[in-house]
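The values are calculated or read from the model by the stated rules, or taken from the named source; none is laboratory data. A quick note: this is a predicted structure, and the numbers were derived from the prediction, not measured. Don't worry about glycine lacking a Cβ; one is built from the backbone with ideal geometry, like all the others, and counts go over all protein chains shown.
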Amino acid sequence: MSFRPRQFDLIAFDWDGTLFDSTAIITRSIQAAVRDVGGTVPSDKDAAYVIGMALTQALAHAAPDVPPDKYPLLGERYRFHYTAHQNDLSLFDGVLELLADLKGRHHWLAVATGKSRRGLDEVLHTVQLKGVFDGSRTADETAGKPHPRMLHELMREFGVEPGRTLMIGDTTHDLQMALNAGCASVGVSYGAHEPGAFHALQPRHVAHSVRELHDWLLQHA
């Protein structure tokens with residue numbers, strides 16, 4: 001503990017659109033699933049907006065004319081389309097170097113994601129990131145964003161106060177979750193949401209590339 005970093009002990013990352021370049025695939029998978037069950041296909045903007053929410057919540061928001069009794073089928077069709085393209089996904093350039101440098105500075109690293117536990121475990125295995133993250137929480141085992149439960153549980157796990165915790169994400173859901181938990185946040189503009197809506201949620205910084213995020217964290221985290 002005596003060698004912990006000076007500003008943030010725990011850095012929690014969103015997954016899709018922040019570390020993993022999956023926004024386009026998720027957007028198209030949502031649209032295809034809604035089309036499959038006969039709903040009104042959402043625009044790219046509306047489909048991308050729900051990224052980061054728990055799956056059922058996200059699909060209900062993206063397809064308001066689909067009746068609740070079709071939500072299980074909607075979820076099944078989303079998973080079908082997403083899985084068909086899962087191997088197309090990849091980490092953003094520079095993410096592995098970023099995470100290695102943060103580990104070298106003795107930060108605890110965590111993932112706080114709207115993905116399911118099964119989905120996160122599969123993708124962590126796919127990109128060979130075992131051992132990089134010290135903890136993780138998913139929407140299906142806690143609560144969907146922007147509810148702060150993910151961050152509350154991670155902070156309890158590591159014994160870290162909100163003032164020593166930083167949340168990094170690409171959506172207003174991520175930044176609102178950090179605000180709800182009393183944590184600092186950083187937004188990234190290269191993911192699902194337009195960064196114009198970020199500033200009302202008081203992020204410490206908005207990074208426009210992984211390189212910029214890397215540099216900011218090394219200087220300020």
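Points worth noting:
- Scanning region 187-221 for residues that are in contact with a Phe, Trp or Tyr (Cβ under 7 Å, 6 or more places away or on another chain), free of Cβ contacts under 8 Å to residues at least 60 places away in the same chain and either among the aliphatic types (A, V, I, L, M) or buried (at least 21 other Cβ atoms within 10 Å of the Cβ) (or both) yields a total of 3.
- Residue, farthest from the chain's Cα centre (by Cα), within region 47-88, restricted to residues that are surrounded by 17 or more Cβ atoms within 10 Å (Cβ to Cβ) and not in a helix (DSSP H, G or I): Val66
- Test for Ala24: is it among the hydrophobic types (A, V, I, L, M, F, W, C), outside any loop (DSSP other than H, G, I, E, B) and at pLDDT 90 or above: no
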